[in-house]
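The values are calculated or read from the model by the stated rules, or taken from the named source; none is laboratory data. The structure displayed is predicted, hence computed values, not measured ones. Glycine also receives a Cβ, built like all others from the backbone with ideal geometry; neighbour counts cover every protein chain displayed. Side chains included, ligands, DNA and RNA excluded: accessible areas come from the protein's heavy atoms. Shrake-Rupley method; radii C 1.70, N 1.55, O 1.52, S 1.80 Å.
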Amino acid sequence: MHLRIVFEPSDEGGYTVFVPALPGCISEGDTLQEARENIREAIALYLEPAEDATIPVGGLVEEIAV
C-alpha cells in the first residue's frame with residue numbers, strides 16, 4: 001500500500017507528519033527519518049482491525065476492494 005504523507009516543521013523543532021487519506025493519523029519526530037518511522041507505526045495501528053468489533057443487531061459487514 002502506498003500512502004502520501006505530509007511533513008510540517010514544528011515550532012519546537014522536528015516535524016509533525018500526517019496522512020491525509022487517514023483522518024486523525026498523525027505523528028511526529030525530531031528528524032525526518034524519525035517522523036517517517038513513527039508515522040509508519042501510526043499507520044499500522046490505524047489500519048489494525050479492531051479485536052472486539054461487535055456488530056449491532058441488524059448490522060451487516062462486508063469487505064470491498066478499493
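Could you tell me which residue of region 19-32 is surrounded by the most Cβ atoms within 10 Å (Cβ to Cβ), considering only residues that are out of contact with any Gly (no Cβ under 6 Å at 6 or more places or on another chain) and either over 13 Å from ILE5 (Cβ atoms) or in contact (Cβ under 8 Å) with a residue 60 or more places away in the chain (or both)? Applying the filter and picking the extreme gives THR31. Scanning region 33-66 for residues that are in a helix (DSSP H, G or I), open to solvent by 100 Å² or more (accessible area, probe 1.4 Å) and free of Cβ contacts under 8 Å to residues at least 12 places away in the same chain turns up ARG40, LEU45.
Checked against the criteria, THR16 does not count as surrounded by fewer than 12 Cβ atoms within 10 Å (Cβ to Cβ) and of a type in the set (S, T, N, Q).
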